[in-house]
Amino acid sequence: MNRMSLDLQSSNALRVSSVSEVVFDFLRQQGISKIFGNPGSTELPMFVSLPQDFSYVLGLQESIVVAMADAHAQITGQASFVNLHSAAGLGHAMGNVYTAFRNRAPLVITAGQQNRSMLPLDPFLFAESPTEFPKPYVKWACEPARAEDVPAAIARAYYTAMQAPRGPVLVSVPLGDWSAIAPAVPPRDVSTTLGCDPVAMERLAARLNEAREPVLVVGAGVDIDGGWDSTVRLAEALQAKVWASPMSSRCSFPERHPLFAGFLPASQPGLADCLSGADLVLVLGAPVFTYHFSGGDTHLPAGAELWMIGDDARQLAGAAVGSAIQSNIRLANETLLERVRSRPARTDVPARKIATVAQPRGITPAFFYQTLAELRSPDSIVVEEAPSARPALHRHFPIERSGGFLATASGGLGYGLPAAVGVALTRPDKPVIAVIGDGSSLYSIQALWSAAEYDADILFIILNNQGYGVLRNIALKSGADRISGVDIKHLDFVAITEAQGCRASRCTTSQELRTSLQSLLAQKGPRLLEVMMQEEETAMNVMTPTNKILKSPDRI
């Protein structure tokens, strides 16, 4: 070893690094350069004098920060780094931490804590149980025993977040730890992809080859695992009809494909009825099954057997019926493709036809989605949180590509609007469209400030039906004559949006809708369209001079 090498080795050995310096070095190793945060005094040392190669993405409330980071992680396939304030700040964030857990979004969350010397005194901004508070909706939580252990804890958190099934983790960091001295974190190569059991795959392939009418059910795990293309090839080899799993938060199969059958309802017996005729149901990347309403103990049509593949051991163990294989979806599909026999093209599944809705006077969900589908770029990424209009989205707004659709897997509101900001900041090369209900938007309306602050190229569309429309619909279907607490009126979303720095406009008629969408889709930067909605039944009665009602089949 020459003298220069000895001097360099000696210099590295003598180098003194703070916890923050070691943490930033580790984040650089992982390709992480954004910090999504809403800071407080207990986190001040971490973001003061932030290295120039890092950017701090500010949200005005902690739940907004988590949703932006969640979408960033889902789009990149890489963990996002999140900075939250201690105790109450983490409490504000918990709704979207829960959503990130359900979305399987890898987040490394750091939450502040008071100085170690003050912890015995029950001080202001003290988190009494920092690791217990976020459970069970984080995969792992830790407050390191020593300041110098913080970088190693964050490294472990990162690897845990990225392991299948991915999800959020939390490290509580006392105020003074960031300036303490800590050793470097050695680089590691940790695989995050689960392989599949070849014996189990042989059994499944044999059963698929024997099956008369195999059917696929696809969930968010297909898109998460990069299994879109291999799922299409598997469906085509088997000539199997493909259903989207109930309440799926991502699109995992092209919805104009001849084999696409539709969207399974989140209740029985409708779900089993949709699968009628199948003798083998293969579920890829979804639970068996997600229900919203009770409907009995029957989960499958008579005579059908079920197999499921996914990387979530708890999901596999908790399935109501069937055999299960733990695996990455893409790897499992490729293994099956080597073993299943290709079948001749079937003739009983014509290409999906999207029913055309005649132009109403007012704007209905169906007409809105039909118009947006005609005008939007096929490369656009759609983030959706408009529950009452979801049936119309399924019927009139087919998604055709991987990574083209995001929604909440938890059912909690307040995710979609900030998540869309996260998508736009991650993929500035793609048009981003957020379709949000008026009620949903109010859970996280401050995210418009972040969109304006960072000049996110995004079109927000608020579907304003002046209330919680999905609750109205459920109440009406259950026979209730009236329901309280669902009306949201006297709100001006144009004024709210402009006050936060974004351009905004409003349309109230179907004639205005096309012109407004064409104009706004051609623009850049953060802008919002408030669409005043009309109830479907009322609008249908004024569709055409002949008063014909055109409805597409309800397949949700």
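Would you mind checking which residues have amide H under 5 Å from residue 213's amide H? H placed 1.01 Å from N; only 5 or more apart, or other chain.
279, 280
Taking the Cα atoms only, what angle lies between the long axis of helix 228-238 and the longest principal axis of the chain, rounded to 10 degrees?
Taking Cα atoms only, the helix is inclined about 40 degrees.
Hey, what's the chain come to in accessible area per residue, 1.4 Å probe, Å²?
I get 42 Å² per residue for the chain.
Keeping the other protein chains in place, figure out the carbon and sulfur percent of the accessible area of the chain, with a 1.4 Å probe.
In the chain, the share of accessible area belonging to carbon and sulfur is 52 percent.
Tell me the relative contact order for the chain as a rounded percent, counting alpha carbon contacts under 8 Å between residues six or more apart.
Taking the mean separation of contacting Cα pairs over the length of the chain, I get 13 percent.
Roughly how big is the chain's charge dipole about its Cα centre, with Cβ charges of +1 (Lys, Arg) and -1 (Asp, Glu), in debye to the nearest 20?
1100
Hand me the tally of lysine pairs in the chain: alpha carbons under 20 angstrom apart, and the pair either on different chains or 8 or more positions apart.
Lysine pairs meeting the criterion: 6.
Order of 298-310, 122-134, 216-228 by packing, highest average Cβ count within 10 Å first?
Taking the mean over residues of other Cβ atoms within 10 Å, the ranking is 216-228, 298-310, 122-134.
Quick one: Cα centre-to-centre distance for the stretch 22-44 and the stretch 87-145, in angstrom?
For the stretch 22-44 versus the stretch 87-145, the Cα centre distance is 16 Å.
With θ taken as phi - 60° and the coefficients 6.51, -1.76 and 1.60, list the Karplus ³J(HN,Hα) couplings across the stretch 293-303 in order, rounded to whole Hz; mark glycine and proline as x.
10, 6, x, x, 9, 7, 10, 9, x, 4, x
Counting only helical runs of four or more DSSP H residues, what would the 222 nm mean residue ellipticity of the chain come to if each run contributes -39,500 (n - 2.57) and the total is spread over all its residues?
So the helix-based figure for the chain works out to -10000 deg cm²/dmol.
Rank 214, 192, 246 by how far each Cα sits towards the positive end of the charge dipole of the stretch 180-254 (+1 on Lys, Arg Cβ; -1 on Asp, Glu Cβ) and give me just the farthest.
246
If I fit a long axis through the Cα atoms of helix 198-210 and take the longest principal axis of the Cα atoms of the chain, what angle between them do I get, 0 to 90°, rounded to 10?
10
Please name which of 141, 234, 37 has its Cα lying farthest along the dipole of the chain towards the positive end, using unit charges on Cβ (Lys, Arg +1; Asp, Glu -1) and the Cα centre as origin.
After comparing all options, I get 234.
Hey, what did the stretch 242-361 get for relative contact order, percent, Cα under 8 Å, at least 6 apart?
Relative contact order for the stretch 242-361 comes out at 23 percent.
Enumerate the calculated ³J(HN,Hα) couplings along the stretch 400-408 in order (Karplus 6.51 cos²θ - 1.76 cosθ + 1.60, θ = phi - 60°), each rounded to whole Hz, writing x wherever the residue is Gly or Pro.
Going residue by residue, I get 10, 9, 5, x, x, 8, 9, 8, 7 Hz, with x marking Gly and Pro.
Using every pair of alpha-carbon atoms in the chain, split the distances into 10 Å bins beginning at 0 and state the percent of pairs per bin, rounded to integers.
3, 17, 25, 24, 18, 9, 3, 1, 0, 0
Distance between Cα centroids, the stretch 220-282 to the stretch 367-416: provide it in whole Å.
17
Distance from the Cα centre of the stretch 429-450 to that of the stretch 191-214, in angstrom?
If we compute the Cα centre of each part, the gap is 41 Å.
So what are the ³J(HN,Hα) numbers for the stretch 95-110, from phi and the Karplus equation (6.51, -1.76, 1.60; θ = phi - 60°), rounded to whole Hz, Gly and Pro as x?
Using θ = phi - 60°, the values come out as x, 7, 5, 4, 5, 4, 4, 5, 6, 6, 9, x, 10, 9, 9, 9 Hz.
As I understand it, the value is the acute angle between the Cα axis of helix 19-29 and the longest principal axis of the Cα atoms of the chain; what does it come to in degrees, rounded to 10?
50
The values are calculated or read from the model by the stated rules, or taken from the named source; none is laboratory data. Quick caveat: nothing in here was measured; it's all calculated off a predicted structure. For neighbour counting, all protein chains shown are included, and Cβ atoms are generated from backbone atoms with ideal geometry for every residue, glycine included. SASA here: full protein model, heavy atoms, side chains in, ligands and nucleic acids out. Shrake-Rupley method; radii C 1.70, N 1.55, O 1.52, S 1.80 Å.
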